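Peer 1: Below is one structure. I have some questions about it.
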Number of protein chains: 2
Amino acid sequence: MPSTKPPSGTRDFLPDDIRRREYVIGVIRKVYERYGFEPLETPAFENIETLLGKYGEEGNKLIFKILKRGEHESTGEADLALRYDLTVPLARVVAQYQNELPKFFKRYQIQPVWRADRPAKGRFREFFQCDIDSMGSNSPVVEAEQLAAVSEVLTTLGFADFTIQLNHRVLLTAMLEAANVPAALHGDALVGIDKYDKIGRDGVSKELLGRGVEAASVDACLGALEDVSSFERLVSTHERGRAARAEIDRILALAADTPAAQQVSFVPRLARGLSYYTGAIMEISVPDLAGSLGGGGRYDNLVGMFLGRDVPACGFSLGLERIIVVMTERGMFPPSVAGGGVDAMVTIWNDDVRGEALALAGDLRRGGLRVDVYPEADKLGKQFKYASSRNVPFVTIVGDDERAAGTVSVKDMRSGEQQRMPRSEVAAYILRSSRTS
Amino acid sequence: MPSTKPPSGTRDFLPDDIRRREYVIGVIRKVYERYGFEPLETPAFENIETLLGKYGEEGNKLIFKILKRGEHESTGEADLALRYDLTVPLARVVAQYQNELPKFFKRYQIQPVWRADRPAKGRFREFFQCDIDSMGSNSPVVEAEQLAAVSEVLTTLGFADFTIQLNHRVLLTAMLEAANVPAALHGDALVGIDKYDKIGRDGVSKELLGRGVEAASVDACLGALEDVSSFERLVSTHERGRAARAEIDRILALAADTPAAQQVSFVPRLARGLSYYTGAIMEISVPDLAGSLGGGGRYDNLVGMFLGRDVPACGFSLGLERIIVVMTERGMFPPSVAGGGVDAMVTIWNDDVRGEALALAGDLRRGGLRVDVYPEADKLGKQFKYASSRNVPFVTIVGDDERAAGTVSVKDMRSGEQQRMPRSEVAAYILRSSRTS
């Protein structure tokens, strides 16, 4: 007998899980469409060359590789690989359909990605990303619109206490240069700085020293990261740094006219791990979750790897699983989401009335109800018990009396009350009673 | 520069494609929920043992296999495989969660599957299946409800000319036994008979003879398949055949009380290719499509391969791609589906009014509109041209005059007319005008 568990790091989603996921995805999709983002989907796998070399050395190791078909299967050669994120496939799509897509292509994409990571609490091998990306423009309107859209998603879901940190990669570079960190160590330094909230001042200090940054430089950086005015002083001596600082101000000023106004602030120590960012970087968090609910930034060079010329680009990715974890822990789902999938169940009194049961179910469905039919003639008590175990709120009964009179009895499973009525009135009665309960 | 095409046999879905797909999926999901089916999703890959040996020798070869991670990557060992259909994962799920799922678990599942088939017109390596399955009951109510649900899906999508063929595997076995076809050849014979509509009488005859069936048996079978009364005569001598024939009648009688009434009929030569069917089999087709839009049947033994005891089961699978092909060729999509993703675009007159543009966009979005913002200050003519190329029906302009007066000009891109109005009235005006156009 083979194991019946899903593969390590993956999950089966039973009906209640799906209803929660679909609720969140529905809100995300609706808000993103209001912001003019259009849907895109790409295949689950890509040609392996499309993905290799895009995510750094560690990323390469986490890509799931698919064996080439046919006789090559025995050689271990892989020619396809599972989608690792939604950004690289987008860059490929923008290059492939450059003549069909609008100049300022804005897309959302909500699909699973796969990483051969070690599974852990909250870390899966299959998980969903919900991305928006705006191509073709360098304007700070792009960042402001994305911050607004993400804020509206979270507000609509019921989050009131999220914060968005905003920073700029060029500002961080300016700080590192002003602090005399050699360019070759900038990548390492950013990875260390990105951990500030997790490992604190001493942790970052130790890490930077360990990566070969001079003590004086470490002190200069940490001083700047902990005090905005020191930071401003340090980067004000750096021309591109001043320009980046002004860009941050433009984004903040524009965001002030959007739903992100109260949430977003400039945070010098936000660094973000990914290497491909070139401009503004953003990250969203809530107090009761370690790590972020999502993040993003500007990456103006990635499309160039597929197209041969750069296209300005900026994106934001929300993590579906993390949103659901927090919403579940806080009890944020509306009762209707948890309420089960069936409004009424039609019982079957005996084999002779099965056709009439199906016809009654058809009536109720045309009336807009989600209706299950108990599939077999069985003791009524057993059918009630089954409906009750599934949280079905209403059950219909057509016994010999009802049949003779052309009526239907409807049992409210929550109150236990039973009422007899003409068949034509059942759907409206259940709809009305569901609404008032 | 790597290729920017999607991998062979897969597709990128651009916004218009997604809108068509989401429309069809939305109808399918809604109808299936009305019939009491609940959503389920399973991981994209399964442990390789879960899939191997379930789809026959040919099927095994078409399974995409994923390399084991880490040092094993070089050995070519595969431990995971991409989902090949939605039925085997369901059987695993029913075994794994037997204590949590209701006795008569009815689920729908709409997810992609992957097959390493040779790509051809209409045959993809990644495609969507839309399945319903009902577990736990042998009652013909199950088949009748599935036929009704599938009929209602197609009717809701606008199909008026589909037909559903109904047959029973035990009836076919009875016919083969009555025609003295040796049991060892039954599987081969069914594969041949399944091609009747494609290759005709002579083709089937040649194929059955080629597979070793005696000429007299071939004649008996073909005679029966072409004439219902001969068929009935042949199987009436066979006890299990008579019982299966009676089961078909029960399903037809029940279907008469459902939306499937006019569509479904008993067709003795329907065979279906899959080996796991044990009872009723069903297939749905339209005149202008070779092959079927979907099909299904009863498979009472599959869950037993995971659970150790059999569970009655019956399912029906609709092919999303085929439905979309026919709907596209026939022009069946409502105009709103093709209508693009944006209701209005906000122009930007100059950099100083970018904040006001974002605030106006916010107003319109709160009013329920899908709104894009042109991201950069640019010549108005260029912004109009961009909106026109994207089929955006309304464009807003806030120039110096409008700004001074607190008004907004709205240009109807279809008529070219432009009207000035207070900012607070813009959303309602666009909503009203969209509705009447």
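Peer 1: Name the single residue that is farthest from A:Ile323 (Cα to Cα) among those in the stretch A:14-29 being touching a helix residue (DSSP H, G or I) at 6+ places or on another chain (Cβ under 9 Å) and without any contact (Cβ under 8 Å) to a residue 60 or more places away in the chain.
Peer 2: Filtering first and then ranking leaves A:Leu14.
Peer 1: Out of the residues in the stretch B:121-143 that are more than 19 Å from B:Ile323 (Cα to Cα) and part of a strand (DSSP E or B), state the one that is nearest to the chain's Cα centre (by Cα).
Peer 2: At the first step, the residues of the stretch B:121-143 found to be more than 19 Å from B:Ile323 (Cα to Cα) are B:133-143.
Next, only the ones that are part of a strand (DSSP E or B) stay: B:133-135.
Values: B:Asp133: 14, B:Ser134: 17, B:Met135: 20 Å.
Only one residue tops the list, namely B:Asp133.
Peer 1: Working only within the stretch B:137-165, note down all residues that are in contact with a strand residue (DSSP E or B) (Cβ under 8 Å, 6 or more places away or on another chain), β-branched (Val, Ile, Thr) and surrounded by fewer than 24 Cβ atoms within 10 Å (Cβ to Cβ).
Peer 2: Selection gives B:Thr163 alone.
Peer 1: Restricting to the stretch A:314-356, name every residue that is in a strand (DSSP E or B) and either surrounded by fewer than 16 Cβ atoms within 10 Å (Cβ to Cβ) or away from every other protein chain (no Cβ under 12 Å) (or both).
Peer 2: Once the filter is applied, which keeps residues that are in a strand (DSSP E or B) and either surrounded by fewer than 16 Cβ atoms within 10 Å (Cβ to Cβ) or away from every other protein chain (no Cβ under 12 Å) (or both), the stretch A:314-356 yields A:Gly315, A:Phe316, A:Ser317, A:Leu318, A:Gly319.
Peer 1: Let me ask you something else. Residue by residue through the stretch A:12-23, note down the ones that are more than 7 Å from chain B (Cβ to nearest Cβ) and either over 17 Å from the mean Cα position of the chain (by Cα) or in a loop (DSSP other than H, G, I, E, B) (or both).
Peer 2: A:Asp16 - this is the single residue of the stretch A:12-23 that is more than 7 Å from chain B (Cβ to nearest Cβ) and either over 17 Å from the mean Cα position of the chain (by Cα) or in a loop (DSSP other than H, G, I, E, B) (or both).
Peer 1: Restrict the check to the stretch B:373-388 and report whether at least one residue is closer than 23 Å to A:Pro259 by Cα, within 12 Å of chain A (Cβ to nearest Cβ) and in a helix (DSSP H, G or I).
Peer 2: Filtering the stretch B:373-388 down to residues closer than 23 Å to A:Pro259 by Cα leaves B:373-377.
Filter again for within 12 Å of chain A (Cβ to nearest Cβ), leaving B:373-377.
Imposing the further condition that a residue be in a helix (DSSP H, G or I) reduces the set to none.
Scanning the stretch B:373-388, I find no residue that is closer than 23 Å to A:Pro259 by Cα, within 12 Å of chain A (Cβ to nearest Cβ) and in a helix (DSSP H, G or I), so the answer is no.
Peer 1: Given the residues B:Gly59, B:Gly26, B:Gly53, which is the only one that is modelled with pLDDT under 95 and in a helix (DSSP H, G or I)?
Peer 2: B:Gly59
Peer 1: While we're on this one: Among the residues in the stretch B:187-194, are any under 33 Å from the mean Cα position of the chain (by Cα), assigned to a helix (DSSP H, G or I) and more than 15 Å from B:Arg269 (Cβ to Cβ)? I'd like the intermediate steps shown before the answer.
Peer 2: We begin by selecting, within the stretch B:187-194, every residue under 33 Å from the mean Cα position of the chain (by Cα); these are B:187-194.
Narrowing further to those that are assigned to a helix (DSSP H, G or I): B:187-193.
In the following step, the residues that additionally are more than 15 Å from B:Arg269 (Cβ to Cβ) were identified as B:187-188.
Yes, some residue in the stretch B:187-194 is under 33 Å from the mean Cα position of the chain (by Cα), assigned to a helix (DSSP H, G or I) and more than 15 Å from B:Arg269 (Cβ to Cβ).
Peer 1: Restricting to the stretch B:34-49, count the residues that are touching a Phe, Trp or Tyr at 6+ places or on another chain (Cβ under 6 Å) and more than 7 Å from chain A (Cβ to nearest Cβ).
Peer 2: Here the count works out to 1.
Peer 1: Assuming A:Lys103 fulfils every condition listed in (1) within 9 Å of chain B (Cβ to nearest Cβ); (2) touching a Lys or Arg at 6+ places or on another chain (Cβ under 9 Å) apart from one, which condition is it?
Peer 2: Checking A:Lys103 against (1) within 9 Å of chain B (Cβ to nearest Cβ); (2) touching a Lys or Arg at 6+ places or on another chain (Cβ under 9 Å), the one that fails is (2).
Peer 1: Sticking with this structure for a sec: Has the stretch B:144-164 got any residue that is in contact with a Pro (Cβ under 8 Å, 6 or more places away or on another chain), within 14 Å of chain A (Cβ to nearest Cβ), of a type in the set (A, V, I, L, M) and closer than 23 Å to B:Val303 by Cβ?
Peer 2: Among the residues of the stretch B:144-164, not one is in contact with a Pro (Cβ under 8 Å, 6 or more places away or on another chain), within 14 Å of chain A (Cβ to nearest Cβ), of a type in the set (A, V, I, L, M) and closer than 23 Å to B:Val303 by Cβ, which makes the answer no.
Peer 1: With respect to B:Glu214, is the statement that it is over 35 Å from the mean Cα position of the chain (by Cα), modelled with pLDDT of 90 or more, within 29 Å of B:Val142 (Cβ to Cβ) and in the same structural domain as B:Val150 (by TED's automatic domain parsing) true?
Peer 2: No, not satisfied.
Peer 1: Quick one: which residue in A:Val213, A:Val204 is surrounded by 18 or more Cβ atoms within 10 Å (Cβ to Cβ), in contact with a Leu (Cβ under 8 Å, 6 or more places away or on another chain) and in a helix (DSSP H, G or I)?
Peer 2: Only one candidate passes the filter, namely A:Val204.
Peer 1: When you check B:Gly296 against the structure, is it farther than 28 Å from A:Asp372 by Cα and either assigned by TED's automatic domain parsing to the domain that holds B:Asn391 or among the small types (Gly, Ala, Ser) (or both), yes or no?
Peer 2: No; evaluated as a whole, the condition is false for this residue.
Peer 1: Given the criterion without any contact (Cβ under 8 Å) to a residue 12 or more places away in the chain and within 26 Å of A:Arg19 (Cα to Cα), identify the matching residue among A:Gly294, A:Gly339, A:Gly331, A:Gly304.
Peer 2: The match here is A:Gly331.
Peer 1: Quick check on my filter: what residues within the stretch A:74-83 are at the interface with another protein chain (Cβ under 7 Å from one of its Cβ atoms) and at pLDDT below 90? Steps first, please.
Peer 2: Keep residues of the stretch A:74-83 that are at the interface with another protein chain (Cβ under 7 Å from one of its Cβ atoms), which gives A:74-76, A:78, A:80.
Within the stretch A:74-83, A:Ser74, A:Thr75, A:Gly76 qualify.
Peer 1: Does A:Gln96 count as surrounded by fewer than 20 Cβ atoms within 10 Å (Cβ to Cβ) and at the interface with another protein chain (Cβ under 7 Å from one of its Cβ atoms)?
Peer 2: Taking the combined requirement at face value, the residue satisfies it.
Peer 1: Exactly one of these conditions fails for A:Met1: (1) of a type in the set (A, V, I, L, M); (2) in a helix (DSSP H, G or I); (3) modelled with pLDDT under 95. Give me its number.
Peer 2: Of the numbered conditions (1) of a type in the set (A, V, I, L, M); (2) in a helix (DSSP H, G or I); (3) modelled with pLDDT under 95, the odd one out for A:Met1 is (2).
Peer 1: Can you tell me how many residues within the stretch A:184-205 are more than 18 Å from A:Phe231 (Cβ to Cβ) and of a type in the set (Ser, Thr, Tyr)?
Peer 2: Residues meeting the conditions: 0.
Peer 1: Output yes when any residue across the stretch A:166-183 is without any contact (Cβ under 8 Å) to a residue 12 or more places away in the chain, part of a helix (DSSP H, G or I) and surrounded by fewer than 19 Cβ atoms within 10 Å (Cβ to Cβ), and no when none is.
Peer 2: yes
Peer 1: For the stretch A:303-313, name all the residues that are surrounded by fewer than 18 Cβ atoms within 10 Å (Cβ to Cβ) and either more than 14 Å from every other protein chain (Cβ to nearest Cβ) or assigned to a helix (DSSP H, G or I) (or both).
Peer 2: Scanning the stretch A:303-313 gives A:Gly304, A:Leu307.
Peer 1: Tell me which of these B:Glu57 doesn't satisfy, since it passes every other one: (1) closer than 21 Å to B:Asp85 by Cα; (2) charged (D, E, K, R); (3) facing chain A (nearest Cβ under 7 Å).
Peer 2: So the condition that B:Glu57 fails would be (3).
Peer 1: For the stretch A:1-11, which residues satisfy the criterion of being over 18 Å from the mean Cα position of the chain (by Cα) and at the interface with another protein chain (Cβ under 7 Å from one of its Cβ atoms)?
Peer 2: Matches in the stretch A:1-11: A:Met1, A:Pro2, A:Ser3, A:Thr4, A:Lys5, A:Pro6, A:Pro7.
Peer 1: Sticking with this one: Among (1) surrounded by fewer than 22 Cβ atoms within 10 Å (Cβ to Cβ); (2) of a type in the set (Lys, Arg); (3) at pLDDT 95 or above, which single condition is B:Arg365 missing?
Peer 2: Going through the list (1) surrounded by fewer than 22 Cβ atoms within 10 Å (Cβ to Cβ); (2) of a type in the set (Lys, Arg); (3) at pLDDT 95 or above, B:Arg365 breaks only (1).
The values are calculated or read from the model by the stated rules, or taken from the named source; none is laboratory data. The model shown is predicted, which means the values in this text are computed figures rather than measured ones. Here the Cβ is made from the backbone with ideal geometry for all residues, glycine too, and neighbour counts use every protein chain on show.
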